[in-house]
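The values are calculated or read from the model by the stated rules, or taken from the named source; none is laboratory data. Bear in mind the structure is a predicted one, so any value in this text is a computation, not a measurement. Note: ideal-geometry Cβ built from the backbone for every residue, glycine included; neighbour counts use all protein chains shown.
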Amino acid sequence: MVYPTLEALEHADRTPYEGTRYGRRGTPTTFALEEAVATLEGGDHCVAVPSGLAAITTALLAFLKAGDHLLMVDTTYGPVRRFCDVLLSGLGIETTYYDPLADVTPLLRDTTRVVYLESPGSLTFEVQDVPAAATAARAAGAVSILDNTWSAGLLLKPFAHGVDVSIQAATKYLVGHSDVMLGTITTTADTFLRVKRASALLGTAVGPDDCYLGLRGMRTLSVRLPRHQETALQVARWLAGRAEVTHVRHPAFGDCPGHAVWRRDFSGANGLVTIVLQPASKRALAAMLDGMKLFAMGYSWGGYESLIVPIDPAAARSATVWPYSGPCLRLHCGLEDPADLIDDLEQGFARLHAAS
Ligand SMILES: *Cc1c(COP(=O)(O)O)cnc(C)c1O
C-alpha cells in the first residue's frame, strides 16, 4: 500500500485488525482467507501464517513467557514436542505432557497459562474431551489452544465447545491439493490481539497466492471431506477383516479411545486410518510398501491422493503407553475409487507374504 499524500499517510486507518498498511500484516486476499476460516470454525477472527507448525508456535508464543507452565497433550503433532523441549524450555517455559484421556484439572498449576489439545491425536486418534479441558483451562485463568486440523473446521466447531484458540494445518484439507503450505490461527474476540501481535512481531506473513489457493481449496471442502470419510471407512472395515492386521485405529470404531466423545462432539471423520500389523520383517514390509501403486509413500495428508507411511507411535509419547508392538502404518485415503485402493492393499499384503 502506498499513500498519495503526507496527510493520507498520517491519517491512515490503523485499526488493530489491519494495523499500518504493510504487506507483512496481510493483503486483501489474506483477509478474505482469514474471514472465511473464522466463519468456518465459528471464531471471531483468524490470522493466516505460512504453515501449520507456524500456527502452533505463534499461538504458543502469544500466550507464554519465562516462568510459565504449559500443559501439552501427549499425542501432539511430533514437531510440537520438539518445539516445547528445545525452544520453549530454552526460554524458561516448562511443559508437562498429559494423557489425552485424562482430566487436566489436577495438572493445572498457578503458573499454567496454556492447555494445548489435539483431538483426535496425531497418528493414533485418541479423542479428547475438548469442552471439559477448555472449561477447566478457563476456570484456572489459562487459555486453551486446539489443533483442529483433523476436523478441517468442518467436523468439530471448537468455539461452540469453549476453546479460546483453534489452529489448523491448512496445508492438509483446507488446501486439499498438496501444493501449498499454510496455517491458520482462529481466535475469540478476547484472544485475537495477542495472536495478531505475536504473528506481526514474528513476521510470519503468507504470500497472497498461497492464500488464494487456500480459498480455492475451501470451496470444495464440504464435498471432498465426506468422500474421504466414506472411502476411509470402507478401507478400515476391509482391513479389520484381514489376518495381517491386528488392530485398526479409527475414531468411528468402538475400540478407539474416546470413541463416545467423538460421537458426541464430531459430525464425521476424515480419510485417516492407522493399522497395526502382525510382526513382519523389514524386508517383507519393504516388499509391501515399495510396490504400492495408488498409496504413495509420504508424510502429510489431506490432499486428493492416498498416502501410506510407517509410523512409530511408541516413540512419539512420554506420558502414555502405546499398547501394541507390531509394525504400524498410517494411511490417508484420498479421492480415488475405494475398490482400487482396497485392491492396492490386497496386492501389498500378497507381496508381504511372498517376502516373509
Ligand atoms: C501436518 C500437521 C501440522 C503441521 O502442519 P504444516 O503445515 O506441515 O507445518 C500440525 N498439526 C497436525 C495435526 C498436522 O497433521
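Of note:
- Hey, residue 203 among the small types (Gly, Ala, Ser), under 10 Å from residue 49 (Cα atoms), surrounded by fewer than 20 Cβ atoms within 10 Å (Cβ to Cβ) and assigned by TED's automatic domain parsing to the domain that holds residue 27 or not: yes
- Residue satisfying condition, being in contact with a Phe, Trp or Tyr (Cβ under 8 Å, 6 or more places away or on another chain) and more than 23 Å from residue 302 (Cα to Cα), within set 138, 113: 113
Per-residue answers, yes or no, for (1) part of a loop (DSSP other than H, G, I, E, B); (2) touching a helix residue (DSSP H, G or I) at 6+ places or on another chain (Cβ under 6 Å); (3) assigned by TED's automatic domain parsing to the domain that holds residue 225:
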{"position": "160", "(1), (2), (3)": "no, no, no"}
{"position": "173", "(1), (2), (3)": "yes, no, no"}
{"position": "181", "(1), (2), (3)": "yes, no, no"}
{"position": "192", "(1), (2), (3)": "no, no, no"}
{"position": "199", "(1), (2), (3)": "no, yes, no"}
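- Residue 93, sole failed condition from (1) within 28 Å of residue 207 (Cα to Cα); (2) away from the ligand (no atom under 16 Å from the Cβ); (3) touching a helix residue (DSSP H, G or I) at 6+ places or on another chain (Cβ under 9 Å): (1)
- Residue 268 vs. criteria closer than 19 Å to residue 122 by Cα, more than 16 Å from the ligand (Cβ to nearest atom), touching a residue at least 24 places away in the same chain (Cβ under 8 Å) and not β-branched (Val, Ile, Thr): yes
- Subset tally (residues that are within 16 Å of the ligand (Cβ to nearest atom), more than 18 Å from residue 68 (Cα to Cα) and not in a loop (DSSP other than H, G, I, E, B)) for segment 112-144: 2
- Any hit, segment 72-79, residues being away from the ligand (no atom under 16 Å from the Cβ) and either out of contact with any strand residue (DSSP E or B) (no Cβ under 7 Å at 6 or more places or on another chain) or among the charged types (D, E, K, R) (or both): no
Matching residues to (1) closer than 25 Å to residue 38 by Cβ; (2) modelled with pLDDT under 95; (3) in contact with a Cys (Cβ under 8 Å, 6 or more places away or on another chain):
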site	(1), (2), (3)
67	no, no, no
86	no, no, no
116	yes, no, no
125	no, no, yes
135	yes, no, no
146	yes, no, no
150	yes, no, no
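- Top-ranked residue of segment 108-126 - restricted to ones that are crowded, with 18+ Cβ neighbours inside 10 Å and either over 19 Å from the mean Cα position of the chain (by Cα) or in the same structural domain as residue 314 (by TED's automatic domain parsing) (or both), ranked as nearest to residue 247 (Cα to Cα): 108
- Conditions (1) part of a loop (DSSP other than H, G, I, E, B); (2) at pLDDT 95 or above: number failed by residue 215: (1)
- Residues located in segment 234-264, provided they are surrounded by fewer than 19 Cβ atoms within 10 Å (Cβ to Cβ) and free of Cβ contacts under 8 Å to residues at least 60 places away in the same chain: 237, 240, 241, 243, 252, 253, 254, 255, 260, 263, 264
- Of all residues in segment 180-205 being within 13 Å of the ligand (Cβ to nearest atom) and touching a residue at least 60 places away in the same chain (Cβ under 8 Å), the one that is farthest from residue 219 (Cα to Cα): 204
- A single entry from 103, 129, 164 fulfils the requirement of being of a type outside the set (Gly, Ala, Ser) and surrounded by fewer than 22 Cβ atoms within 10 Å (Cβ to Cβ): 103.
- Test: residue in segment 145-152 that is near the ligand (Cβ under 10 Å from one of its atoms), in contact with a strand residue (DSSP E or B) (Cβ under 7 Å, 6 or more places away or on another chain) and among the hydroxyl-bearing types (Ser, Thr, Tyr): yes
- Of all residues in segment 219-231, those satisfying the criterion of being touching a helix residue (DSSP H, G or I) at 6+ places or on another chain (Cβ under 9 Å) and surrounded by 21 or more Cβ atoms within 10 Å (Cβ to Cβ) are 224, 231.
- Note on segment 1-97: enclosed helices (runs of 4 or more DSSP H) holding 2 or more residues that are over 20 Å from the mean Cα position of the chain (by Cα) are 6-10, 28-41.
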